[in-house]
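This report refers to the structure that appears directly beneath it.
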């Protein structure tokens, strides 16, 4: 009986962490999407562009989906080959890593 209660409690804790993780993913992907939009607006106003390093940083913080959607929605950064190929590749590596974590644990 005690084992069942402890399993239930650990399951509830995992759900709580998954909710925080889901909120984090939504926030960072929305932020990445808005960063691409802000970059496009800044270029139109002849201001300094957002650095590619910052956009890569958002990808590494798990915001790759938002960056990728923003790239193709706003047609921004898609002519730069290194950005066009590395963002989907990093996103693919993140999916593989989290799939491995899911299977392993």
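No value in this document is a laboratory result; all are computed from the given coordinates. Only a predicted model underlies this, so the values are computations on that prediction, with no experimental measurement involved. When we count neighbours, we look across all protein chains shown, and the Cβ atoms used for this are built from the backbone with ideal geometry, even at glycine.
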Rough spin-label spacing in nm, given labels placed 7 Å along Cα→Cβ, for residue 92 and residue 24
2.6 nm
State the dimensionless ratio Rg/Rh of the chain (Rg: radius of gyration of Cα atoms; Rh: Kirkwood radius).
1.16
In deg cm²/dmol and to the nearest 500, what is the mean residue ellipticity at 222 nm of the chain if only DSSP H runs of at least 4 residues count, each as -39500 (n - 2.57), divided by the residue total?
-27500 deg cm²/dmol
Looking only at segment 47-69, which residues have a backbone nitrogen under 20 Å from a spot 7 Å from the Cα of residue 17 in the C-beta direction?
61-63
Candidates 28, 67, 41, ranked by Gaussian network fluctuation over the chain, Cα under 10 Å, top entry:
41
With the contact rule set at Cα under 8 Å and sequence spacing of 6 or more, what percent relative contact order holds for the chain?
25 percent
Potential lengthening between residue 31 and residue 81 on full extension [0.36 nm per residue; Cα-Cα distance subtracted]
15.7 nm
On C-alpha positions alone, give me the angle between the axis of helix 2-44 and the longest principal axis of the chain, in degrees, nearest 10.
0 degrees
Separation of the residue 101 and residue 38 label points, Cα + 7 Å toward Cβ, nm
2.6 nm
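Please arrange 36, 52 by how many other C-beta atoms lie within 10 Å of their C-beta, fewest to most.
So the ranking, lowest neighbour count to highest, is 52, 36.
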Which residue fluctuates the most in the chain, going by a Gaussian network model with Cα springs under 10 Å, if the choices are 18, 90, 26?
18
